[in-house]
Amino acid sequence: MENLFHLKENRTDVRTEIIAGLSTFMTMAYIIALNPNLLTNFDVGSALWNGVFLATCIASAIGMFVMAFLANKPFAMAPGMGLNSFFALVVANIAGLTGMSYVESFQSALVIIFIEGVVFVVLSVLNIREKIVDAIPLGVRLGIGPAIGLMLMNIGLGSNAGIYSEAGGPFYVMRDFFGALTPSVAKNSMGSGYGAMVLAVVTMFIGLFAIIMLDHKKVRGSVLIGMLIASVIHWAGSALFLHTNPFASLAGASFLPPFGDMVSTTLFKFNFSGFLSMGLFTAITLVVTFCMIDMFDTIGTLVGTASRAGMVDKEGKMPNMKEALLADAVGTVAGACTGTSTVTTFVESAAGVEAGGRTGLTALTTGIMFLLCMFIAPIAAVIPAPATSAALIYVGVLMLGGLSKINFNDQTQLVPVALMLIAMPISGSIGHAIGIGLIAYTVLKLCSGKAKDVSVLTYVISALFLIKFFVVA
């Protein structure tokens, strides 16, 4: 292990790395079921759903193994949220335009992901993606981490605790529970979902404060232990107060991976004729759009999480960035070949980093858990969302500490960062927020007579984002 991951050099050990990997896994395990739900329009149990489910596990693991052994970084990968929703929309549009079945349209859209992944592999090998990272101004780079922190808090306090009832939904903690004037108003508006929301709030905050106290006492694995405490509380509350069996989904669940469905629907099932039937301009536009979103989502996650872990130098650069970007590109190619949307570096990696993960052993652990989920997916599904929320909120709060590095007297730093802080949690896209920050930085430099301070590549990237937002948005 020492020879592979240089644990002593990174001031860590096997136990810490494994706990960190498990912490990351628990915060992102939701993607294993959610991704096939989104990509197949919740056609659970269908051959396509089964194929995407296995592709999610396998492609994510491949990407993380490359990250572990090539880059030796603790970052985890999986099909990116936002990108998978966009992919599903593209599939639906292809079906509507061409008259093909959903499965045929899905296989046509996989060509887009494959081309995107190949492009990224080439750009990574040629160091072009690394040069794009270097082109991001220091002020914008320093603001990425805190902006991701706010996005994590938004996920934890919002969608991750969403609850449905006969009154509608989803119901969110900050809007429907804390946003209500009185408990009676919340109870009336939520219907039978009120009890579930109360349990979610209680679970979330007990888990959050458990993590804080454990971390304060320097307990190793505080994030993972806190999530387990929150899970037990939620399971007990579900049984005692909501009179539901939290483990009901395990009854009759299949633990055998449906490899036959994957082979028949998604594995190397590229529909090139369907891809070309969209028209050359549309096809190119879609490839470029996926490339831009994925590139800056990945860059933002790597830079922001690495900054929090102290893995960057004084100029905000991370060693082995090229290898980390290449691992992300390989993950995308693997995703296309197995049958899922763009695989990208996950912001939930911050949970593992906060648990002490510093090397590729963390990523390797998370990758192994994803592979095991091909056999134990029903078990992973019983981890309650509020337990995950507690970890995401905690990590998000800690990442806000990066604001101390911002020069608030410099408007060219302050304004882009402020815009990113708002844009990232609202848009749910790291890439879009970085684009807004870069545009603001470039405009401010131009208006202040300091156009020469902006690199040519920054001008190009800002212009591309303007085109993305106003022409092909």
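Readers should treat all values here as calculations from the given coordinates under stated rules, not as data from a laboratory. On a predicted model such as this, the values are computed, not experimentally measured, just so you know. Methodologically, a virtual Cβ is constructed for each residue, glycine included, from the backbone with ideal geometry; neighbour enumeration extends over all protein chains shown.
Computed values, structure above
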| read-out | value |
| --- | --- |
| Mean Cα-pair separation over length for the chain, i.e. relative contact order, pairs under 8 Å, 6 or more apart, % | 35 percent |
| Cα shape, the stretch 1-137, gyration tensor, a/c 1.5 rule | oblate |
| The stretch 339-473: relative contact order in percent, alpha carbon pairs under 8 Å with at least 6 residues between | 15 percent |
| Net lengthening on full extension, I426/R175 (0.36 nm per residue, minus Cα-Cα) | 89.0 nm |
| Gain upon complete extension [V219, R11; 0.36 nm per residue less C-alpha separation] | 73.2 nm |
| Label corresponding to Cα extents along the principal axes in Å when calculated from the structure given, among [x] 65, 55, 54; [y] 69, 48, 45; [z] 93, 65, 43 | [x] |
| Trypsin sites (Lys or Arg not before Pro) within the stretch 214-252, DSSP loop, no more than 12 other Cβ atoms inside 10 Å | K217, K218 |
| Residues of the stretch 85-102 with amide N under 18 Å of a point placed 7 Å along Cα→Cβ from T285 | 86-99 |
| Point-to-point label distance, F247-F209, nm (Cα→Cβ direction, 7 Å offset) | 2.9 nm |
| Nonlocal amide H pairs with M77, under 5 Å, H built at 1.01 Å | M64, F346 |
| Eligible lysines near K322 by straight Cα distance, threshold 28 Å, same-chain separation 8 or greater | K8, K73, K131, K314, K405, K452, K468 |
| Low-density loop cleavage sites - chymotrypsin sites (Phe, Trp or Tyr not before Pro) in the stretch 338-425, where at most 12 other Cβ are within 10 Å (DSSP) | F408 |
| Sparse-neighbourhood loop sites, trypsin sites (Lys or Arg not before Pro) in the stretch 1-109 - DSSP loop, at most 12 other Cβ within 10 angstrom | K8, R11 |
| Highest to lowest packing among 457-468, 25-36, scored as the average C-beta count within 10 Å | 25-36, 457-468 |
| Gyration tensor (alpha-carbon) shape descriptor, the stretch 309-437, a/c threshold 1.5 | prolate |
| Cα-based shape type of the stretch 198-357, given that a ≥ b ≥ c are square roots of the gyration tensor eigenvalues and the cut on a/c is 1.5 | oblate |
| Phi-based couplings in Hz for the stretch 54-65 (Karplus 6.51, -1.76, 1.60; Gly and Pro marked x) | 5, 4, 4, 5, 6, 5, 4, 5, 4, x, 6, 5 |
